[in-house]
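Trainee: Structure incoming, see below.
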Amino acid sequence: MTHAAYHITEETLLSYAAGMLAEAPAVAVAAHLPGCARCRSAVAALEIVGGTLLDEIAPAPMSSNALSLVLARL
Amino acid sequence: MTFPAIPITNASPNEMSALLVAIAIQHDKQMFVRLFVYYAPRVKAYLMRQGVDAAGAEELAQEAMLIVWRRCETFDPEKASASTWIYTIVRNLRIDALRKQRRPMFDAGDPALAPTPPLRPDEFLLGEQRERRVREALAQLPAEQATVVRLSFFEDKPHGEIAAALSLPLGTVKSRLRLAMRRLAPQLGETE
């Protein structure tokens, strides 16, 4: 296990995984993760929470031409 | 080019992961249509829940689905489910869009634009297991903890404002978050 000199607070890891962290602290977290298995795997777990919320959310209908617009660009 | 109307499916996350792998191998547009029908409206809803207006969310959802098609070969079902992988694409896309709005000229070498570092081999072998464990932990969170976790994902608000919105003391919100985090990511409680 990699030991980093410090850990990011849980609150900050949560905001980071949620994409809600301001730019400067997000840069600091991004720089910390490669050297810290604990924080890295916490972020991975929290990203799974994000994926689960995406599964659970009530869908908002796309515009009627959205699919053909995207298919035209594939 | 017309496509038959396909009903919104309540496909399971595992089905979607298998579908995404198949798309990467076969480059089949009909398969992609199924993926689009499931995810695009969810991505749009997710972004709207985060405060993106309907038109912006629609546009970002289309962009996200294009990225999914273009990068599908990098999807590894052993590391994460399709939903988790797509979630990270959407999250990063929204961050980029906000940044471009604020500052049209940005530095592409900015470390903030780098994706979350990939997990190492010994970490991602546990990927599927972790996905199951986290989903179960989330489902089993007491409602009061689940609420503060959801608000943290959806609201661009400091925890003080979440506390005010829920009419709770800040300390209560923080302790609920802490308890939830320990269940979702038990490694945070490990001492080194």
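The values are calculated or read from the model by the stated rules, or taken from the named source; none is laboratory data. Here the structure is a predicted model, which means the values were calculated and not measured. Quick reminder, even Gly has a Cβ in these numbers, built from the backbone with ideal geometry, and neighbours come from all protein chains shown.
Trainee: Which is among the basic types (Lys, Arg), modelled with pLDDT of 95 or more, in a helix (DSSP H, G or I) and closer than 22 Å to A:Ala60 by Cβ, of B:Arg91, B:Arg70?
Mentor: B:Arg91
Trainee: Residues A:Leu46, A:Leu13, A:Leu21: which one is within 7 Å of another protein chain (Cβ to nearest Cβ) and hydrophobic (A, V, I, L, M, F, W, C)?
Mentor: It is A:Leu46.
Trainee: Oh, and also: Output the residue which, of all residues in region B:160-192 that are outside any helix (DSSP H, G or I) and more than 10 Å from chain A (Cβ to nearest Cβ), is farthest from B:Val149 (Cα to Cα).
Mentor: Going through the qualifying residues, I end up with B:Thr191.
Trainee: Another question, then. Looking at A:Pro34, is it touching a Pro at 6+ places or on another chain (Cβ under 7 Å), at the interface with chain B (Cβ under 7 Å from one of its Cβ atoms) and either in contact (Cβ under 8 Å) with a residue 24 or more places away in the chain or within 30 Å of A:Glu10 (Cα to Cα) (or both)?
Mentor: yes
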